[in-house]
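A.B. asks: Supplied in C-alpha cells, the structure appears directly below.
Values quoted throughout were computed directly from the atomic coordinates according to the rules given, and no laboratory measurement underlies them. All figures in this text were calculated on a predicted structure; none of them were measured in a lab. Heads up, the Cβs are rebuilt from the backbone with ideal geometry, glycines too, and the neighbour counts pull from every protein chain shown.
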Amino acid sequence: MMGNGFQFLDIILFAMIAAFLILRLRSVLGRHKDTGEPEQNSDGEVFSSNHSIRRSGENVISLPKNENDEEEPEKPVSETTLLEKGINEIKSATNDFDPSEFLKGAQSAFEMIVQAFAEGNTELLETLLNNDVYNNFLQAIRSREAEKQTLENNLVRIVSAEIIEAEKASSFANVTVKIISEQVNVTRNENGDIVSGDADHVQKVTDIWTFSRDVGSQDPNWMLIATRSLD
C-alpha cells in the first residue's frame, strides 16, 4: 500500500517536470534566434522594411515584394522638383548662388531697366542686357524717338517676385523670374498729349524675365537675356 503511494507521487513529479520542460521549449522555439522577437506566421501581419533593421546596426534589408502586387505607377516629376533640381545645380556650379539674394538683385535690376527704357538710357541698358534683348529695346526707343514721343513710367511698387525656372545649360546658369508690379505708363506726343496709357490708372503688370550668368567666367554679373509679359 505504501509502495503504491510512493509510485503515485513519482508519476505526479515526472508529469510536473515534463510540463516545465515543454513550457521552456515553447518559450525558446517561439522566438527568433537573433532578435528574441516572436516569429510571425507567413499568413499574418506584414511589417514595413523598417522592422528588418537588426539591433546590431547592420544594413537595412528590404522585405521581398509579393509577385502578385501591382507595380505602382511612376509619379511624374513635379515643377517644384525640377526647380529645386535646377537651383541645386546652379548652387553647385557657382558656390555663391543664394535664391533670396538673387531675387533682391533681380528686383533692383527690374527697376533700373524699366526706368532706363522709359528715359531712353541706352548706355545703361547695354550693360544690363544681352545683345538680342538690347537690340529689341533699342529698336523700340528709336521708334519712339522717331515719332517724337516720350514714355513716362512710374513704377509704383513691386507686388511680388518669385523664381519659376532655373537650369544650368552648359556653362551658363539661367534663372527665370516672375515679377508682378504696379505701374503707371503714359506715352505722350511732342505736344504733351497722351497717345496711350492713363495717367490716373495704376496697371498691374506681370513680367517674366530670364537672367543668365556664365559660371565659367570670373564675371559674377547676371544679364537679362529674355523677356515676356502676360499682359
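A.B. asks: Once label points are set 7 Å from the Cα along Cα→Cβ at both K148 and L230, what is their separation, rounded to one decimal in nm?
C.D. replies: About 4.0 nm, to one decimal.
A.B. asks: Provide the gained length on full extension for the span L138 to S160, in nm with one decimal, where the gain is 0.36 nm per separating residue minus the Cα-Cα distance.
C.D. replies: Working it through step by step, the gained length comes to 5.2 nm.
A.B. asks: Regarding segment 117-191, what's the average projected area of the Cα-atom convex hull, expressed in nm²?
C.D. replies: In nm², the orientation-averaged hull projection of segment 117-191 is 6.3.
A.B. asks: Continuing with the same structure: Which three numbers, in whole Å and largest first, are the semi-axes of the equivalent ellipsoid of segment 79-229 derived from its Cα gyration tensor as √(5λ)?
C.D. replies: Here the semi-axes work out to 32, 17, 11 Å.
A.B. asks: Turning to a different aspect of this structure: With 5 Å bins from zero, work out the P(r) of segment 143-231 over every alpha carbon pair and list the percent per bin.
C.D. replies: Percent of Cα pairs in each bin: 3, 13, 16, 16, 15, 13, 11, 8, 4, 1, 0.
A.B. asks: If amide H atoms are built 1.01 Å from N in the plane of the peptide, which residues on other chains or at least 5 residues away come under 5 Å of the amide H of E165?
C.D. replies: T176
A.B. asks: Next question. Roughly what % of DSSP beta bridges within segment 129-231 run antiparallel, to the nearest 5?
C.D. replies: Counting DSSP beta bridges with both partners in segment 129-231, the antiparallel share is about 95 percent.
A.B. asks: Between A199 and K85, take the C-beta separation as r, use R0 = 30 Å, and let me know the FRET efficiency to the nearest 0.05.
C.D. replies: Taking R0 as 30 Å, the efficiency between A199 and K85 is 0.10.
A.B. asks: Among I208, I90, rank each residue by its count of other Cβ atoms within 10 Å, from fewest to most, as a rough exposure measure.
C.D. replies: In increasing order of surrounding Cβ atoms, one gets I208, I90.
A.B. asks: Sticking with this structure for a sec: For a Förster distance of 22 Å, can you work out the FRET efficiency between the beta-carbons of N95 and S170, rounded to the nearest 0.05?
C.D. replies: The formula returns an efficiency of 0.75 here.
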